[in-house]
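The values are calculated or read from the model by the stated rules, or taken from the named source; none is laboratory data. Values in this document were obtained by computation on a predicted structure and should not be read as measured data. Positions of Cβ are generated from backbone atoms using ideal geometry, with glycine treated the same way; all protein chains shown enter the neighbour counts. Ligands, DNA and RNA are excluded from the accessible area calculation, which covers all protein heavy atoms including side chains. Shrake-Rupley method; radii C 1.70, N 1.55, O 1.52, S 1.80 Å.
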Amino acid sequence: MSSITPRTPPLRIGIAGLGRLGRRHAENLAFRIRNARLVWACSPVPSELDDARNELGIEQTTSDFDRMIHAPDVDAIVLVTPTALHAQQTIAALEAGKHVFVEKPLALDVADCERVEAVAARHPDRVAMVGFVRRFDASYRRAHDDMRQGAIGRPFLVRSQTCDMNDPSGFFVRYAAQSGGIFMDCSVHDIDLARWMLGNPRAVRAFATGTIAMHPGLAEHADVDNGLAMVDFEGGGRAVFYASRTFAHGHETQTEVIGTGGKLLIGHGAERDRIVTSDSHGVRHASTADFFERFGDAFVHEMNAFVAACRGEAALDLTLSDATEATRIGLAITRSLRSGQVEML
């Protein structure tokens, strides 16, 4: 006589924030993520809630965050809200009994990150995950796994960049007041990758410099549109970061890891596809336009990993302490940019 194992119901998710990135997460949750249902959406913008109902089929919408996190038909919360809200909203959702996915960075202050870690530690039955999406990109994952198998000997140097195509509208200039600056907004991904690739060492020293090449409005926010940073880690590891808002050809994310027995290069050339055109204008290929295009599949893999962890199907190797360290390093780099001095961590 055979028995049938009851099927675990899908994870019921509420999303807060339906702006540029939030809308992409909502689309994935509504149409592409396994074993999940997007049942609530929260936004202060009425048109975004209308879109959530009419285009994404979300059953419940609200502008009241507390109402959503206390709804009995929600198991998990996805936060794609302004960075200044991340820590407190993560804590509120955890204390309301929900699993939480929060976009990077976890906070713009180390103390706030540590507050989140403390609350999460009191609720070990609840998943709390920060969205470092590049860890879920197939190329980065393969490079990481190859290194763990000794493919390049002992890795000791990471050079990584996040370079956006120039946006003449100046969206990021208007956003600079709350972004935390170019290193916290862009390079936090590279910082996390460097620690991941080097085996999660602790940073001890940072120095940064930068320039405003095209967007003078950043000066009032003590920010730049092109920045360079160097970080020293315990054990001899080093990392060099480049962030730009002004690339002419497209979005170019690239990481090089150098080891004692070789090197790995991920994302070189920013190719959109495998077509190379040769004509009277020269030899060229099309470039990725933005990070949505470059990491579209990784966003899906990332959310699938979150859902699987919430359902008890797989453990996460990405921790809140990783997010805290990324913030700690990003803040030190930003202080160095503004002071012109080496910052000790």
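If a residue counts only when it is among the polar types (S, T, N, Q), which strands (runs of 3 or more DSSP E) contained entirely in the stretch 204-278 have at least 1 such residues?
226-233, 238-247, 252-259
With the stretch 1-97 as the region, which strands (runs of 3 or more DSSP E) entirely inside it contain at least 1 residues that are at pLDDT below 95 and out of contact with any helix residue (DSSP H, G or I) (no Cβ under 7 Å at 6 or more places or on another chain)?
Details: elements: 11-16, 36-42, 60-62, 76-79.
It comes to none.
Inside the stretch 61-84, can you point out the residues that are over 24 Å from the mean Cα position of the chain (by Cα) and either closer than 22 Å to K104 by Cβ or without any contact (Cβ under 8 Å) to a residue 40 or more places away in the chain (or both)?
T61, T62, S63, D64, D66, R67, H70, P72
In the stretch 293-304, is there at least one residue being surrounded by fewer than 21 Cβ atoms within 10 Å (Cβ to Cβ) and touching a strand residue (DSSP E or B) at 6+ places or on another chain (Cβ under 8 Å)?
No, every residue in the stretch 293-304 fails to be surrounded by fewer than 21 Cβ atoms within 10 Å (Cβ to Cβ) and touching a strand residue (DSSP E or B) at 6+ places or on another chain (Cβ under 8 Å).
Only one of V224, V188 is crowded, with 21+ Cβ neighbours inside 10 Å, closer than 27 Å to A84 by Cβ, at pLDDT 95 or above and more than 20 Å from the chain's Cα centre (by Cα); which?
Just one listed residue meets the conditions, V224.
Between R20, R53, R7, which is touching a strand residue (DSSP E or B) at 6+ places or on another chain (Cβ under 7 Å), over 23 Å from A96 (Cβ atoms), without any contact (Cβ under 8 Å) to a residue 60 or more places away in the chain and surrounded by fewer than 19 Cβ atoms within 10 Å (Cβ to Cβ)?
Criteria check complete, one pass: R53.
Is it fair to say L106 is on the phi < 0 side of the Ramachandran plot, buried (at least 23 other Cβ atoms within 10 Å of the Cβ) and either in contact with a Cys (Cβ under 8 Å, 6 or more places away or on another chain) or modelled with pLDDT under 95 (or both)?
In short, yes.
Would you check which residues across the stretch 163-185 are open to solvent by 40 Å² or more (accessible area, probe 1.4 Å), among the hydroxyl-bearing types (S, T, Y) and assigned to a helix (DSSP H, G or I) and list them?
Correct list: Y175 only.
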